[in-house]
Amino acid sequence: MSDHYDVAIVGGGMIGASLAIALQPLGLRTVIIEAHAPAGGARPGYDELSTAISAGSRRILEGLSVWTRVEGAAEPIHSVHVSERGRFAFARLDRRDTREPALGYVIENRRLGAALWEAIAGCRQVEALTPARVSGIVCGSRRVTLQAVDASGGWREISTSLAVGADGARSALRELLGIRARVWDYGQTAIIANVSPARFHEHVAYERFTDSGPIAMLPMTEGRCACVWTLETARAAHMLGLSDDAFREALQAAFGYRLGRLGRVGARQGYPLALVRSERLDWGGRVAFAGNAAQGLHPIAAQGFNLGLRDVAALAEAVAEDFDDPRRLLDRYVAARRRDRLAAIGLTDGLVRLFSSPLAGVRAARDLGLLGMDLLPPVKAAFARRAMGLAGRQPRLARGIALERAPG
């Protein structure tokens, strides 16, 4: 069976789904090829994974008419407290220093994913092929042909004017095309668990650097916090094997008592950490990459999803302007993402290396950096705008401007 689409999106996670919604006003026939059937709309449980959404990402979701679907389930971050255990310096970012109602938001992945797929259900020009995976690709001068295999083993041939890889850091589409990705293994594992502290979080996000690794405590609904504790891989394996009580005590000792005693600690999940950077964002004049398929980041500054959503906004804008000239479309997209992509990669990788060093001189420099950011408003404002996804030129979706396809 063969069919033609204007755009084929490989990967229907939060980035791929967002792109399909962004393209809807352009009148382009779009297909999403996703290996896993979307999760149902059941209410998330205590242990659901969550995502930190920046203020800039909120604007993009507003432009996609998705934010109203999730706003009630998103816990706002009013301030961020950055400190290093055993050192005197710290820095604070506060929404009052910006013109935004919040620096960011924390929302359970299942809620955001369900909202995106509910929006897709209302998109007449979008078809979902799931569960299915891409097993082959042929790039021609005028179209791309994809071979997709469904769960029963049946296959379907799909031709498209533009293919987009949004299928994660281990992108199958990238591998099929032979595009290399540079991988820097940090030798670290992130332990993720939801925590119920004795004190209400007051909408404060904590980034606490310790000798064992950084600990992020992000405010969630129902008084919970999403904990991300980064440890060397061997130590993380040990922590994952502890009893619940022993793990809670270890976390308490590392994080301290800014939130009082830690009560319930939910199920723990470990994720090996690496910086994955695709050597290309485009291929053959007909293929683009976005989200983790373009770059997978360390979670230290919560930039991954937000960077990917800015990929979506920039790619959708390029499609609106130059769909009939694919080479120009991809050149526009690559150019639009270059500076922001390099800045986000540099920020996360630099923070990992800076706060991983035990050298006395580096630790002193960290103190000066935290103090300088806290005491110098221009420095704090520049850092906040970068972390909030508001630095540099903003695509139209992030400025509330509707996308329209340029006349061709």
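Pick from Ala267, Ala246: which is of a type in the set (Gly, Ala, Ser), free of Cβ contacts under 8 Å to residues at least 12 places away in the same chain and more than 26 Å from Leu351 (Cα to Cα)?
Ala246
Does Ser141 fit the bill of being surrounded by fewer than 22 Cβ atoms within 10 Å (Cβ to Cβ), within 23 Å of Val319 (Cα to Cα) and among the hydroxyl-bearing types (Ser, Thr, Tyr)?
Taking the combined requirement at face value, the residue satisfies it.
Could you count how many residues in the stretch 129-176 are in contact with a Lys or Arg (Cβ under 9 Å, 6 or more places away or on another chain), touching a residue at least 24 places away in the same chain (Cβ under 8 Å) and not in a strand (DSSP E or B)?
Counting residues in the stretch 129-176 that are in contact with a Lys or Arg (Cβ under 9 Å, 6 or more places away or on another chain), touching a residue at least 24 places away in the same chain (Cβ under 8 Å) and not in a strand (DSSP E or B) gives 6.
Mind checking which pairs have a first residue in the stretch 325-343 that is more than 20 Å from Gly56 (Cα to Cα) and a second that is aromatic (Phe, Trp, Tyr) and outside any helix (DSSP H, G or I), Cβ under 8 Å, 6 or more apart or different chains?
Leu329/Phe323
Which of the strands (runs of 3 or more DSSP E) found entirely inside the stretch 1-84 contain at least 1 residues meeting this: free of Cβ contacts under 8 Å to residues at least 24 places away in the same chain, surrounded by 17 or more Cβ atoms within 10 Å (Cβ to Cβ) and not basic (Lys, Arg)?
Per the criteria, no element qualifies.
Taking the residues in the stretch 214-260 that are of a type in the set (Lys, Arg) and in a helix (DSSP H, G or I) as candidates, determine which candidate is surrounded by the most Cβ atoms within 10 Å (Cβ to Cβ).
Arg248
Answer yes or no as to whether Leu23 is modelled with pLDDT of 95 or more and over 21 Å from the mean Cα position of the chain (by Cα).
Here the answer is no, as Leu23 does not meet what is asked.
Modelled with pLDDT under 95 and among the acidic types (Asp, Glu): is that true of Glu249 in this structure?
In short, no.
Could you tell me whether Ile179 is aliphatic (A, V, I, L, M) and in a loop (DSSP other than H, G, I, E, B)?
In short, yes.
The values are calculated or read from the model by the stated rules, or taken from the named source; none is laboratory data. The structure displayed is predicted, hence computed values, not measured ones. Neighbour counts run over all protein chains shown; Cβ positions are idealised from the backbone, glycine included.
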